[in-house]
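Quick note: the coordinates plus some simple rules give every number you see, no bench work behind them. This structure is a prediction, so every number in the text was calculated from the model and none was measured. All Cβ positions, even for glycine, are placed from backbone atoms using ideal geometry, and neighbour counts span all protein chains on display.
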Amino acid sequence: MRVAVISDIHANFIALKAVMDDIRAQGATKIFCLGDLVGYGPAPREVVDIAMLKFEFTLRGNHDEAVTFKLPKQFNPVAAKSIFWTRERLKPDPQSGSHSFRRWNFLCKKLKDVVQVDDFLFAHGTPKSFYEYVDGIKAAKKVFAILSPEITTLLVGHSHIPVVFLETEQGIRVLNYDTPKLPKLREHRMIINVGSVGQPRDGDPRACYVIIDDETNEFIYRRVEYDVEEVVRQIYAKAGLPKDNAHRLRGGY
Ligand SMILES: [Fe+2]
């Protein structure tokens, strides 16, 4: 079975549509989403609607949590402003119809913290918290230590940086996502960061996601071009959204 693992869409519907076209072309039949459907981008309703209809499961990211529940202190002013704008777009009211209630209910109640499928574990940040990052060898070591022995592969998002951490007898190795020959799944225990669909931060503006194939044990990173300038225009057209959210898409930062 070929499964697409996507994360951090951040209300970028145009990037999501391009990624879904690519997923179809790659022959993946299921989509697992690791969270942060919303925040930053101009199309939260459209993205949540796709998640409700098309994704096998969606995890709760810190931005999904901030929109539906409480804004945590660590959000910077730009992220916080985006959250307030997004909350206004998503909060249900009788005038916007019953679908707005279903959408809000999905965001509040249907997102999961962690999902295990066979020997694969899926989390937004780490299995312990959607705020924590696996952002280096030290953090990866801590996370490997808490994984139960039957888990061979942990897939995460949150940092928006595609990278692989490999547990070897010599210690933990960090592999760039574009390493020419990535190891096979289950050869080592691995933490795979799938990157971000809607707001890449590794200097490459193309959307990023991963396909895993549990029969061949291959996993591949996909980079997908989308119409960044159209999303920039859409963000500029929304009075309550910070302009920084647009600029950073051009540079992928
Ligand atoms: Fe995110």
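Summary of values
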quantity: Cα-derived Rg to Rh of the chain, Kirkwood definition; calculated: 0.96
quantity: Ranking of E225, E65 by count of other Cβ atoms within 10 Å, fewest first; calculated: E225, E65
quantity: Percent of Cα-Cα distances greater than 21 Å, calculated over region 5-131; calculated: 38
quantity: Candidates A207, A145, A51, ranked by Gaussian network fluctuation over the chain, Cα under 10 Å, top entry; calculated: A145
quantity: Per-residue HN-Hα couplings for region 90-100 [Karplus 6.51, -1.76, 1.60; θ = phi - 60°; Hz; x = Gly/Pro]; calculated: 9, 4, x, 8, x, 5, 8, x, 5, 5, 5
quantity: Normalised contact order of region 1-156, rounded percent, pairs of Cα under 8 Å and 6 or more residues apart; calculated: 20
quantity: Residues M190, M52, sorted so that the one with the fewest Cβ neighbours within 10 Å comes first; calculated: M52, M190
quantity: Cα gyration tensor shape of region 84-230, rounded if a/c is under 1.5, else prolate or oblate by comparing a/b with b/c; calculated: prolate
quantity: Residue-averaged [θ]222 nm for the chain, counting only DSSP H segments that reach four residues, each worth -39500 (n - 2.57); calculated: -9500 deg cm²/dmol
quantity: Mean-position separation - Cα centroids, region 53-116 and region 173-212, in angstrom; calculated: 26
quantity: Net dipole in debye of region 107-253 [+1 Lys, Arg Cβ; -1 Asp, Glu Cβ; about Cα centre; nearest 20]; calculated: 600
quantity: Protection proxy ranking, peptides 3-14, 53-64, 174-185, average beta carbon neighbours within 10 Å, highest first; calculated: 3-14, 53-64, 174-185
quantity: Point-to-point label distance, S148-N105, nm (Cα→Cβ direction, 7 Å offset); calculated: 3.1
quantity: Y177 long-range amide H proximity, modeled H, under 5 Å; calculated: V164
quantity: Per-residue HN-Hα couplings for region 216-232 [Karplus 6.51, -1.76, 1.60; θ = phi - 60°; Hz; x = Gly/Pro]; calculated: 7, 6, 9, 9, 10, 8, 10, 10, 10, 6, 9, 7, 4, 5, 5, 5, 4
quantity: Within straight-line cross-link reach of K238, lysines at Cα separation under 18 Å, skipping those fewer than 8 residues along the same chain; calculated: K81, K91
